[in-house]
1. Residues of segment 160-188 being within 12 Å of ligand 2 (Cβ to nearest atom), farther than 21 Å from residue 39 by Cα, of a type outside the set (Phe, Trp, Tyr) and in a loop (DSSP other than H, G, I, E, B), which ones?
2. Considering each of 309, 299, 268, 218 in turn, give the residue that is open to solvent by 80 Å² or more (accessible area, probe 1.4 Å) and of a type in the set (A, V, I, L, M).
3. Picking from 111, 154, which residue would you name as being within 22 Å of residue 100 (Cβ to Cβ), among the hydrophobic types (A, V, I, L, M, F, W, C) and touching a strand residue (DSSP E or B) at 6+ places or on another chain (Cβ under 6 Å)?
4. Pick from segment 156-188 the residues that are at positive phi and within 16 Å of ligand 1 (Cβ to nearest atom): which of them is surrounded by the fewest Cβ atoms within 10 Å (Cβ to Cβ)?
5. Whether any residue in segment 189-205 is open to solvent by 10 Å² or more (accessible area, probe 1.4 Å), of a type in the set (Asp, Glu) and away from ligand 2 (no atom under 15 Å from the Cβ) is what I want to check.
6. Evaluate the following for residue 60: is it open to solvent by 30 Å² or more (accessible area, probe 1.4 Å) and more than 26 Å from residue 152 (Cβ to Cβ)?
7. Could you figure out which of (1) under 17 Å from residue 27 (Cα atoms); (2) buried (at least 17 other Cβ atoms within 10 Å of the Cβ) isn't true of residue 98?
8. For segment 23-52, which positions are outside any strand (DSSP E or B) and open to solvent by less than 10 Å² (accessible area, probe 1.4 Å)?
Amino acid sequence: MKKILVTGGAGFLGSHLCDKLLATGNEVICLDNLYTGQKKNIYHNLDNPRFEFIRHDIVEPIRLEVDQIYNLACPASPVHYQNNPVGTTKTCVHGSINMLGLAKRAGARILQASTSEVYGDPEVHPQKEEYRGSVNPIGIRSCYDEGKRCAETLFFDYHRQHDLEIKVMRIFNTYGPRMHPDDGRVVSNFIMQALSGKDITIYGDGSQTRSFCFVDDLLDGMMKLMNSPTDFTGPVNVGNPGEFTIKELAEMVVEMTDSRSKISYQQLPQDDPMRRRPDISIAKEKLDWQPTIKLQEGLKKTIEYFKSL
Ligand code: NAD
Ligand code: UDP
């Protein structure tokens, strides 16, 4: 049994991760400031003696004794990370420094939930880890993109300078139950719109692509990475290489929900990446990981969840 800290543990990915870590016999400290997370996501664990919730902002230091840290705290939806951009950069940078300091003091291994956004609007397709990205440093997405890039820098400097055991995972678009209905990301938006008969809001002409990974697959990869040999630090792409246009996604959701919603085309936000697909060769080789859940199958489970709300 390990004592494991999950920052951002009341969010979409973090709450599922807490469940999985508890199910494999660990003690879990879930730390979250509830900016985009919900207590509802963790209620079912509050009676578990191996589970503890701490309401805390990682921008402030905290002392804890733990064996492993999964650093997931950070709003992930463009709507929310752009709502308080300075706060987003602080969470990525000051938050990472605090969690890395905690890991150093406690002698813990630490995993960073990085993102495909470090590649920006990529000129290389599909994206391999060696690609250094094409990121606008002063745009509306920069607080998140540059924040996450700086977090990666800090992770590798703590590794080189202080011999810290680090793991850096570049997560590609992940979806599933427990996404907040008002999260603002494309899968939850389209499903909520389709179920309520509202217009499906496609930004731009819908020809931009994304590769969507179901949450269970993603977390399987995350836990494999955390428990991989010490000398494997990453960065490693984890995502589903199936690539779809946003228009294809909209049509699929409308069909699967039997919805009468119409498609409404709206302005494409600044710096919205045009193409995105992970090259997952390293995850396959080093972690023996690849996704198993197809988009249709994952969407079905996600639609059921939103129907049940
Ligand atoms: P989410 O918004 O549901 O979860 C983030 C959680 O972090 C929330 O519970 C929020 O309240 C908490 N949080 C935010 N700032 C905090 C702070 N300063 N201190 C403490 N807690 C804070 O998003 P998610 O999809 O679960 O994403 C989790 C992590 O994975 C994020 O770091 C995100 O950048 C990364 N990621 C996610 C995706 C994806 O597609 N889901 C893709 C790339 C990277
Ligand atoms: N998008 C859309 N309609 C929505 C929400 C998002 O067309 O209601 C588009 C968005 O412009 C982007 C893609 O869907 O091209 C994925 O957006 P999301 O916010 O989910 O994540 P991103 O990958 O851009 O961070």
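1. Residues of segment 160-188 within 12 Å of ligand 2 (Cβ to nearest atom): 171-175, 179, 182-188.
Still in the running and farther than 21 Å from residue 39 by Cα: 171-173, 186-187.
After this cut, where a residue has to be of a type outside the set (Phe, Trp, Tyr) as well, the list is 171, 173, 186-187.
Answer for segment 160-188, where residues must be within 12 Å of ligand 2 (Cβ to nearest atom), farther than 21 Å from residue 39 by Cα, of a type outside the set (Phe, Trp, Tyr) and in a loop (DSSP other than H, G, I, E, B): just 173.
2. Working: 299 fails: open to solvent by 80 Å² or more (accessible area, probe 1.4 Å); 268 fails: open to solvent by 80 Å² or more (accessible area, probe 1.4 Å); 218 fails: open to solvent by 80 Å² or more (accessible area, probe 1.4 Å).
Checking each option against the conditions leaves just 309.
3. Values: 154 fails: touching a strand residue (DSSP E or B) at 6+ places or on another chain (Cβ under 6 Å).
Going through 111, 154 in turn, just one is within 22 Å of residue 100 (Cβ to Cβ), among the hydrophobic types (A, V, I, L, M, F, W, C) and touching a strand residue (DSSP E or B) at 6+ places or on another chain (Cβ under 6 Å): 111.
4. Filtering segment 156-188 down to residues at positive phi leaves 163, 176, 178, 184.
Filter again for within 16 Å of ligand 1 (Cβ to nearest atom), leaving 176, 178, 184.
Numbers: 176: 24, 178: 22, 184: 19.
Checked segment 156-188; the qualifying residue surrounded by the fewest Cβ atoms within 10 Å (Cβ to Cβ) is 184.
5. If we filter segment 189-205 for residues that are open to solvent by 10 Å² or more (accessible area, probe 1.4 Å), which is where we start, we get 189, 192-193, 195-199, 201, 203-205.
With the extra rule that they be of a type in the set (Asp, Glu), the set shrinks to 199, 205.
Those left that are additionally away from ligand 2 (no atom under 15 Å from the Cβ): none.
There is no residue in segment 189-205 that is open to solvent by 10 Å² or more (accessible area, probe 1.4 Å), of a type in the set (Asp, Glu) and away from ligand 2 (no atom under 15 Å from the Cβ).
6. No: the conditions fail for residue 60.
7. Result: residue 98 fails condition (1) only.
8. Scanning segment 23-52 gives 41, 42.
The values are calculated or read from the model by the stated rules, or taken from the named source; none is laboratory data. On a predicted model such as this, the values are computed, not experimentally measured, just so you know. Reconstructed Cβ throughout: ideal geometry from the backbone, glycine too, with neighbour counts over all protein chains shown. Areas reflect the complete protein model, heavy atoms only, side chains present, ligands, DNA and RNA absent. Shrake-Rupley method; radii C 1.70, N 1.55, O 1.52, S 1.80 Å.
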